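Note sheet for the following structure.
The values are calculated or read from the model by the stated rules, or taken from the named source; none is laboratory data. From a predicted model like this one, the values you see are computed outputs, not experimental measurements. Cβ atoms come from the backbone with ideal geometry, glycine included; neighbour counts cover every protein chain shown.
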Amino acid sequence: MDNSESYRGESVRYETVGAVATITLTRPSLDAAGKEELVQACTDAANDDSVRCVVVTGTGRIFCAGQDLAEHHTALADGAATAFATIADHYNPVVTALATMRKPVIAAINGACAGAGLGIALACDIRVASVGARFTTAFCAIGLTPDSGLSASLSRALGVARASELVLLSEAFSADDALAWGLVGRVVAADVLDAEVQALATRLAAGPTLAYGVAKRAIRDAWGAPWPDVLACEQRDQTTLGATADHRGAVDAFLAKEKPEFTAR
Ligand code: T3D
């Protein structure tokens, strides 16, 4: 499949410019069709080796409000098993693709970010929020527990104490709160969000993709792992990356006081 083509579904737009793919959620919440499109877009971004950085963003004043609760209401009426099949069918594949693809993923959080939307943002590697973005875990407010990896990703990002408070109380918090807590790395004015994120994505797309891919896996796997296992993984990964042209060229460039060029080889 040629993934260099951009395409537009009912709920998801997928565009590649150079080595950057941008996945845009065009509806506030996720219905079944939208989730299918999102799984496909994440899969396409992961599988296209010419894509070396991915941006996930929303539209208007909502990044992603999570599950479409009107559709969920109907699904509940049809039987709870049907309603919750979407976790295995959609949410888990989406956050797994984002968290495990061997290239950096940036969440450009343009607005409200709730429920599975927050899980999606936290499955990305770097988060940049618009100053007016609002966040809520949302799940407990409707009698559910976090999915989309949020029970792990939130407590890893914030620590168990604050994660518990945010999950149990489901209170909204601001972009400035998220920045102060380290949940997002940067907060920028709404009118420069796209430009700032695309500049960051372009920079990452020109970087050492092989090393980024290994590093993001190592960072996630290291959580909770026994210390000897962490050291063993680091040793294995460093040995692998040490044999790449990217690494050798970068060392040559450093010694020559030149800028390295990374080609993902
Ligand atoms: O099996 C399964 O499906 C389980 C999977 C669960 C995954 C989940 O994501 S569960 C959590 C679902 N999400 C929520 O509970 C979030 C609910 N929404 C909100 O908390 C707030 O709406 C927001 C924080 C997202 C935004 O707040 P605000 O004040 O900026 O906007 P608003 O006025 O509340 O919402 C704007 C509109 O979007 C409004 O519709 P209206 O009045 O203009 O016609 C609102 O009803 C609608 N909307 C917002 N979120 C959802 C939604 N419609 C359907 N589903 C939503 N999730």
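Can you report the number of residues in the range 199-250 which are over 29 Å from Val128 (Cβ atoms) and aliphatic (A, V, I, L, M)?
The number of residues fulfilling the criteria is 4.
Just to confirm my filter: which helices (runs of 4 or more DSSP H) fall fully inside the range 111-194 and include at least 2 residues that are near the ligand (Cβ under 10 Å from one of its atoms)?
Values: elements: 116-123, 150-158, 160-169, 175-181.
So the answer is 116-123.
If you go through the range 58-104, how many residues are within 7 Å of the ligand (Cβ to nearest atom) and touching a strand residue (DSSP E or B) at 6+ places or on another chain (Cβ under 9 Å)?
8
Given the residues Thr137, Thr57, Thr86, which is the only one that is more than 25 Å from Ala225 (Cβ to Cβ), touching a Pro at 6+ places or on another chain (Cβ under 8 Å) and surrounded by 20 or more Cβ atoms within 10 Å (Cβ to Cβ)? Spell out how you get there, then give the answer.
On the way: Thr57 fails: touching a Pro at 6+ places or on another chain (Cβ under 8 Å); Thr86 fails: touching a Pro at 6+ places or on another chain (Cβ under 8 Å).
The unique qualifying residue is Thr137.
Looking at Ala116 and the list (1) among the aliphatic types (A, V, I, L, M); (2) modelled with pLDDT under 95; (3) under 12 Å from the mean Cα position of the chain (by Cα), which single condition is not satisfied?
(2)
Of everything in the range 213-239 that's within 23 Å of the chain's Cα centre (by Cα) and outside any helix (DSSP H, G or I), which residue is surrounded by the fewest Cβ atoms within 10 Å (Cβ to Cβ)?
Gly224
Tell me, which strands (runs of 3 or more DSSP E) lie completely within the range 1-110 with 1 or more residues that are outside the structural domain of Ser151 (by TED's automatic domain parsing) and within 15 Å of the chain's Cα centre (by Cα)?
Numbers: elements: 12-17, 20-25, 53-57, 62-64, 105-109.
Strands (runs of 3 or more DSSP E) meeting the threshold: none at all.
When only residues in the range 171-212 that are within 30 Å of Cys233 (Cα to Cα) and of a type in the set (Ser, Thr, Tyr) count, which is surrounded by the fewest Cβ atoms within 10 Å (Cβ to Cβ)?
Thr202
Have a look at Val51, Val39 and point out the one that is touching a His at 6+ places or on another chain (Cβ under 9 Å), farther than 26 Å from Ala178 by Cα and more than 9 Å from the ligand (Cβ to nearest atom). I'd like the intermediate steps shown before the answer.
Details: Val51 fails: touching a His at 6+ places or on another chain (Cβ under 9 Å).
Being touching a His at 6+ places or on another chain (Cβ under 9 Å), farther than 26 Å from Ala178 by Cα and more than 9 Å from the ligand (Cβ to nearest atom) holds for just one of Val51, Val39, which is Val39.
Please count how many residues of the range 208-249 are in contact (Cβ under 8 Å) with a residue 40 or more places away in the chain and not polar (S, T, N, Q).
Pass one, the range 208-249, residues in contact (Cβ under 8 Å) with a residue 40 or more places away in the chain: 208-210, 212-214, 216-217, 220, 223.
Subsequent filtering for residues that are not polar (S, T, N, Q) retains 208, 210, 212-214, 216-217, 220, 223.
So the answer is 9.
Hey, any hits in the range 216-228 for a residue that's among the aromatic types (Phe, Trp, Tyr), farther than 21 Å from Ile106 by Cα and not assigned by TED's automatic domain parsing to the domain that holds Ala99?
First, pick out the residues of the range 216-228 that are among the aromatic types (Phe, Trp, Tyr): 223, 227.
Still in the running and farther than 21 Å from Ile106 by Cα: 227.
Among the residues that remain, those that are also not assigned by TED's automatic domain parsing to the domain that holds Ala99 are: 227.
Yes, some residue in the range 216-228 is among the aromatic types (Phe, Trp, Tyr), farther than 21 Å from Ile106 by Cα and not assigned by TED's automatic domain parsing to the domain that holds Ala99.
For the subset of the range 18-54 comprising residues that are charged (D, E, K, R) and under 19 Å from Tyr7 (Cβ atoms), which member is surrounded by the most Cβ atoms within 10 Å (Cβ to Cβ)?
Initial filter on the range 18-54 (charged (D, E, K, R)): 27, 31, 35-37, 44, 48-49, 52.
Remaining after also requiring under 19 Å from Tyr7 (Cβ atoms): 27, 31, 35-37, 44, 48-49.
Numbers: Arg27: 19, Asp31: 17, Lys35: 22, Glu36: 17, Glu37: 24, Asp44: 20, Asp48: 19, Asp49: 12.
The residue in question is Glu37.
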